[in-house]
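The values are calculated or read from the model by the stated rules, or taken from the named source; none is laboratory data. Bear in mind that the values here come from a model prediction, so they are computed numbers and not experimental data. We place every Cβ from the backbone using ideal geometry, glycine too, and count neighbours over all the protein chains shown. Surface accessibility is based on the protein's heavy atoms, side chains included, excluding ligands, DNA and RNA. Shrake-Rupley method; radii C 1.70, N 1.55, O 1.52, S 1.80 Å.
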Amino acid sequence: MKDRIPAHGSSKRGRQPFGASLPALARSIGCALLLPLAWSAPASGNARSAEASPGGAARVALPSAVTPEHYRIDIMPDAATLTFKGSVDVDVTVHRATSEIVLNSADLVIEHASVLGRGAVQAIRYDKEIETASLVLNRALDPGAYTLRLAYHGKIYQQASGMFALDYDSPKGKMRALYTQFENSDARRFVPSWDEPGRKATFELTATVPADQMALSNMPIRSTNVLPGGRKRVHFATTPKMSSYLLYFGAGDFERIHRSVDGVDVGVVVKRGDTGSAAFALDAASDILPYFNSYFGTPFPLPKLDLIAAPGSSQFFGAMENWGAIFYFERDLLINPRISTERDKQGVYLVIAHEMAHQWFGDLVTMAWWDDLWLNEGFASWMENKVTDHFHPEWKIWLQALADKQSAMQEDARDGTHPIVTPINDVLQATSAFDSITYSKGAAVIRMLESYLGEDDFRAGVRRYMHDHAYGNTTTDDLWTAMDRDSQRPISQIARDFTLQAGVPLVTELSRRCSGGKSALGVAQGRFAIGGPAATAQLWHVPVLVAPVGGATTAIVVSGPDQQAAEVAACGAVVINAGQSGYFRSRYSTQGLAAIKAAYGALSADDQLGVLNDRNALANAGVEPMAAFLELTKGFPEDADPVVAATLAGQLQGLDMFYDGLPSRTAFRAYARRVLDPLFARVGWEKRPNEGDNVALLRASLIAALSELDDPSVQAEARKRFDRYVLDASSLDAGTRRTALGIVAAHADAATWEQLHRMAKSAATELERGELYDLLAAAHDETLVQRVLKLAISGEPPPTIAPGMIDAASYRHPKTAFDFTVAHWDAISPMIEPTSRPQFVPRLLDTACDPRLLESLNAFAERHIPSDARQALRQTEATVRYRAAVRQDRLPEVDQWLNNQPGG
Ligand SMILES: [Zn+2]
C-alpha cells in the first residue's frame with residue numbers, strides 16, 4: 001500500500017494543500033516491524049489466542065486447528081441499496097480434532113453455515129470486538145479435509161474499506177462504481193475468512209453485476225453467463241495461493257487500455273471517458289514489468305496485471321497492491337496533460353513502481369504477521385526509487401529520496417518513535433504501523449545495506465529470498481539469512497541494529513589531524529534525539545563512508561562512544577556519510593565544518609543536500625547553533641542542483657512557519673527572500689527551452705516559498721496569470737496553472753474564494769474537482785477557513801474528498817481545524833475510514849506550536865481513540881513540543897544572527 005504520509009521535506013505529514021508545496025515530490029510510504037515471535041498458534045477453540053509478545057499484551061490471532069485451502073466465493077452486490085449477498089464454500093484442512101471453527105467476520109450476517117456431509121452448525125457466536133465468528137459444531141471434526149459452506153449478507157461502504165461504492169458525475173449523470181480495499185484486515189467485511197496474512201489460500205470468485213458494466217478481479221474472466229433482468233454472472237479464474245488482504249473485486253462503467261508485455265496482459269482501467277489520462281501509466285508499467293521480472297529472477301506469475309483508477313481519495317492510502325489488480329486513487333495514477341505537473345508525473349511513476357514491486361515483495365512472498373510489515377513497505381519504497389532511477393536518471397530520484405529519509409529521521413529522533421520491527425497485537429495496531437518509520441526508514445536502511453553489500457550481491461540475496469519463499473510467508477530474519485548466505489560481508493548484525501532498535505545514530509567528528517597530505521579523523525557513535533527521554537544511549541554498528549572532495553572513499557564501521565580512526569588521502573573538506581546512503585546524522589568539528597562551508601559549492605549534490613539537512617536538523621534540535629545552518633544559506637551556490645535549491649526554499653519556508661504572529665518575522669522574511677531571489681532569477685516563471693525536468697520542481701517550490709514569504713511581486717504575478725487563466729484556460733501550462741492557483745487560493749479574499757468554489761463545482765473531471773476543493777482549504781484568511789470547514793460537512797463535496805479538505809485546512813490553521821473537527825466529530829467520523837480514525841484528529845495538530853492544545857487532544861483521545869491505537873497521538877505530542885521549543889529557543893538565535901549581518 002502506498003500511504004499518503006508526508007511530502008518530502010515537510011514538517012507536516014504531507015498533504016499540504018496544492019500549491020503550498022514544500023520542496024520534494026513523492027509522497028512517502030512506510031512502516032516496519034519485525035519480531036522473531038513464534039508463529040505457531042495456540043489451543044483450538046479459543047478465538048483470542050494468547051501469544052506472548054514483547055509488549056506484554058496478547059496477540060489477537062485466529063486459532064490454527066483449521067486452515068483454509070481454497071475459497072469459492074459468489075457475490076451479488078446491490079449498488080443502489082449498498083448491500084450485497086454472498087455465499088462461500090471453503091475447502092479447509094482440520095489439523096487437530098475440534099468442535100469449533102473460528103474465522104474472521106466483520107459487519108456480515110451469516111444466515112446459514114454447514115460442513116458438507118456433516119450438516120448445519122449448531123450455533124454461530126460473534127465477537128464484535130475482535131471481529132470473529134465461531135461456528136459451533138454438533139460433534140467434533142477429526143483431522144482431515146472438509147468443505148465449509150456459508151450463506152451471508154453484508155454492507156457496501158462509502159469509504160475505502162471492505163467493498164465500497166464511489167459516486168461521481170459523468171456526461172450520463174450520477175454514476176456509482178464498486179471497488180474493494182482489504183489491507184490490512186477488511187477482507188472479513190467481504191467474506192467470512194481466515195483474514196490474516198499467514199493464512200494463504202487460493203480464491204475463485206464469481207460475481208453478478210449489471211450486464212453493461214466491466215467486472216474486475218485479480219485474475220482474468222474465465223466465463224460469463226448472461227442473466228435475465230440486464231445482469232450477468234462473471235466467473236474469474238482461480239488465483240495463486242495468496243493472503244486474503246490481496247483479494248480484489250470491482251465493477252463499473254469502465255474502459256481499459258492494454259498491451260502485452262513479456263507475455264502479461266498489462267492494462268489501465270479508468271472510468272469511461274478517462275482513457276486520455278491513462279497512457280502515461282500504461283507506458284510506465286510497460287517499462288517496469290520487464291525490469292522486475294529480471295531483478296527478482298521470478299517472472300510475474302499472473303496472466304494479467306491491471307492498474308485501476310478510482311475517483312476521490314482516502315485519508316489512509318493512495319494505492320493498494322492487490323495481486324494482478326492494483327487499485328489507485330486517480331491522482332496517483334492518471335496524468336491529464338492539461339492539469340498534471342512535472343511533480344505529479346514523477347509522483348505517479350513512483351507509486352506505480354511501488355505497487356508493482358509489491359507484486360513480488362508482499363504478494364508473492366508475504367510477511368507472516370503485521371510485525372514485519374516493513375518487509376513489504378520498506379522494500380517497495382526502496383525499489384520504487386531504484387527502478388525509477390533506472391528509467392529516469394534525469395529525475396535524480398535518489399537525491400529527492402533524501403527528503404523521505406529526512407522525514408523519517410525527524411520522526412525517529414522524537415518520542416513516540418518505534419523500531420522498524422515492532423510488536424503488533426491486533427488490527428488497530430497494524431493500522432498505526434503504516435508510518436514514515438516503516439516506509440521511509442525501512443527504505444533508507446535497505447539503501448544503506450545495499451550500498452554496504454554492493455548492488456550485485458544484494459540482488460543475488462533478493463533472488464534467493466524470492467526463490468526460496470515464493471507463495472509463502474516470512475519474517476525479517478529470513479531476508480537477512482538469504483543475504484548472508486554465500487556473502488563475504490554478512491549484514492545481519494548491522495541490519496538487526498537498525499531494524500530492532502528505534503532511533504537515529506549520530507556520528508561525531510571528535511578530532512582531526514592533517515599531515516603528509518592525509519587526514520586522520522577521530523569519530524564516535526552517539527544518538528541524535530530531540531527532547532530528553534528519547535536520548536538514552538544506544539549502540540549501533542554504523543557503516544560510514546568518509547571522503548574528501550573529489551577524493552577516494554574510506555569505509556569504516558563505527559560503533560560506540562570511543563573514538564575510532566578514519567584516514568582519508570587528502571586534507572581540507574572531508575564529508576562524513578559521503579554519498580549520503582547512511583542512515584545517521586553527521587556532526588563535524590569546528591574546523592571540519594569551516595572546511596566544508598568553504599568547499600560547499602564543490603561538493604556533490606548528494607553531499608550538499610546531506611550537509612544542509614544535517615545542519616538544519618541539528619540546529620533546530622539545539623545540538624548545533626542556528627548559525628551553523630544560517631551560514632550555509634549565505635552565498636548559497638546559485639547553480640546548485642534544483643533538488644538542493646528547492647530543499648533550501650522549503651527549509652526557509654518551514655522556519656518561517658515558526659514565526660507565526662511574531663514581530664521579528666518581517667526581518668526573517670526579508671532575509672529569506674534575499675537568499676532565494678538569485679535562485680529564482682535563474683529559473684523565472686516561464687519554462688525555458690531544453691531545461692531539465694527538475695527545474696519545473698524548483699520553479700514551483702521557489703514561487704510557492706516566495707509567495708509565503710510575502711514577496712509582493714510574486715503574489716501579483718500569480719494573480720495576473722490566474723485572471724488570464726479564468727478568461728482563457730489554455731493561457732497557462734499545467735505547471736504554471738497549479739502554481740498560480742495555489743498562490744491565489746492562499747491569499748484569497750471572499751470573492752476569489754467563491755470564484756474557486758464555483759470552479760470546483762463545475763470541474764470537468766473528478767481529478768480537477770478534488771484538486772480545487774483542496775485548494776479552497778489553502779486560504780490564510782481565518783473566516784474563509786471557517787467557511788471551508790462548514791463546506792466540508794455540508795454534503796456538497798463527496799465524502800472521499802471532504803476529510804482531505806479538513807486536513808488541508810489544518811496545515812495553516814491547526815487549532816481551527818482541530819476545534820471544528822472535535823465539535824463536529826459525529827458528522828465527520830463516518831467520512832473517515834475506520835482504520836484512519838485513530839490518526840486523523842491528532843495529525844490535524846502536526847503544524848501547531850502550542851503545547852496547551854495537547855490537553856484538548858488528550859481529552860478527545862480519552863473519549864474517541866482506543867488506548868492501543870495511540871501511536872499517532874504520541875507522535876503528534878512529540879511534534880508539537882518540538883515545534884514549541886524551536887519557536888521559543890531557536891528563533892531568538894536566528895534573530896540575533898540576522899542582527900549581526902551587514903545590512904540586517
Ligand atoms: Zn506499499
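A compact table of results
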item	result
Simple label model, 7 Å out from Cα along Cβ direction - ARG272 to LEU116, nm	3.9 nm
Accessible surface, 1.4 Å probe, highest first, among residues CYS514, CYS571	CYS514, CYS571
Anchor LYS687: aspartates and glutamates whose Cα lies under 13 Å away (excluding residues fewer than 8 positions away in-chain)	GLU342, ASP733
Whole-number Å³ per residue for the convex hull built on Cα positions in the chain	155 Å³
Prolate/oblate/rounded call for the stretch 360-481, Cα gyration tensor, a/c under 1.5 rounded	oblate
Proximal aspartates and glutamates relative to LYS85, as straight alpha-carbon distance under 14 Å, when same-chain residues fewer than 8 apart are discounted	ASP74, ASP107, GLU111
Where labels lie 7 Å past Cα in the beta-carbon direction, separation of ASP468 and GLN493 in nm	2.1 nm
DSSP loop GluC sites (Glu not before Pro) with at most 16 other Cβ within 10 Å: longest gap in the chain	130-637
Residue-by-residue Karplus 3J(HN,Hα) for the stretch 614-630, coefficients 6.51, -1.76, 1.60, Hz, glycine and proline x	5, 4, 4, 6, 5, 6, 4, 7, x, 7, 10, x, 4, 4, 4, 6, 5
Potential lengthening between LEU82 and ALA211 on full extension [0.36 nm per residue; Cα-Cα distance subtracted]	44.6 nm
Helix 665-683 axis, angle to the chain major axis (alpha carbon atoms, nearest 10°)	80 degrees
Environment charge at TRP753 (Cβ cut-off 12 Å; Lys +1, Arg +1, Asp -1, Glu -1)	-1
Helix 373-391 vs. the chain, principal-axis angle (Cα, 0 to 90°, nearest 10)	60 degrees
The stretch 293-423 - charge dipole about Cα centre, Lys and Arg +1 at Cβ, Asp and Glu -1, debye rounded to 20	360 debye
Two-site FRET efficiency, ALA555 against ALA598, from Cβ-Cβ distance with R₀ of 35 Å, rounded to 0.05	0.85
Neighbourhood net charge (12 Å Cβ-Cβ; Lys/Arg +1, Asp/Glu -1) for PHE300	-2
Dipole-positive endmost among THR765, ALA380, TRP323 within the chain (Cβ charges, Cα centre)	THR765
Residues ARG139 and ALA827, FRET efficiency given R0 of 45 Å [Cβ-Cβ distance, rounded to 0.05]	0.35
In the stretch 650-697, trypsin sites (Lys or Arg not before Pro) in a DSSP loop with at most 16 other beta-carbon atoms within 10 Å	LYS687
Principal-axis tilt of helix 455-469 within the chain, Cα atoms, nearest 10 degrees	20 degrees
For the stretch 559-657: Kirkwood Rh in Å [reciprocal of mean 1/r, alpha carbons]	14.3 Å
Stretchable slack from SER856 to TYR126, in nm (0.36 nm times residue separation minus alpha-carbon distance)	259.2 nm
Check: the chain dipole with +1 on Lys, Arg Cβ and -1 on Asp, Glu Cβ, in debye	560 debye
Computed over the stretch 281-400, the ratio Rg/Rh where both radii use C-alpha atoms and Rh is Kirkwood	0.95
With DNA, RNA and ligands ignored, accessible area of HIS258 (1.4 Å probe; Å², nearest 10)	110 Å²
Centroid-to-centroid separation of the stretch 179-202 and the stretch 406-481 [C-alpha atoms, Å]	23 Å
Heavy-atom accessible surface of the chain: percent carbon and sulfur, 1.4 Å	52 percent
Residue (of LEU732, LEU593, VAL886) at the positive-pole extreme of the chain, dipole from beta-carbon charges	LEU732
Solvent-accessible area per residue, Å², over the stretch 627-764 with all protein chains present [probe radius 1.4 Å]	39 Å²
Heavy-atom accessible area per residue - the stretch 795-895, 1.4 Å, Å²	35 Å²
Between the stretch 513-572 and the stretch 598-636, the Cα center-to-center distance that results, in Å	17 Å
FRET efficiency estimate (nearest 0.05) - Cβ-Cβ, VAL226 to GLN501, R0 51 angstrom	0.25
Length gained when the stretch LYS761-ARG259 is fully extended (0.36 nm per residue, less Cα-Cα span)	177.2 nm
Unit charges at the beta carbon, dipole of the stretch 665-785: most positive-side option, ALA670, LEU775, VAL744	ALA670
Pairwise centroid distance, computed over Cα atoms, of the stretch 760-796 with the stretch 725-755, Å	14 Å
Neighbour-limited loop hits for trypsin sites (Lys or Arg not before Pro), the stretch 51-139 (at most 11 other Cβ within 10 Å; DSSP other than H, G, I, E, B)	LYS128
The chain: antiparallel DSSP beta bridges as a percent of all, rounded to 5	85 percent
Cβ-placed point charges (K, R +1; D, E -1), dipole of the stretch 640-747 about Cα centre in debye, nearest 20	140 debye
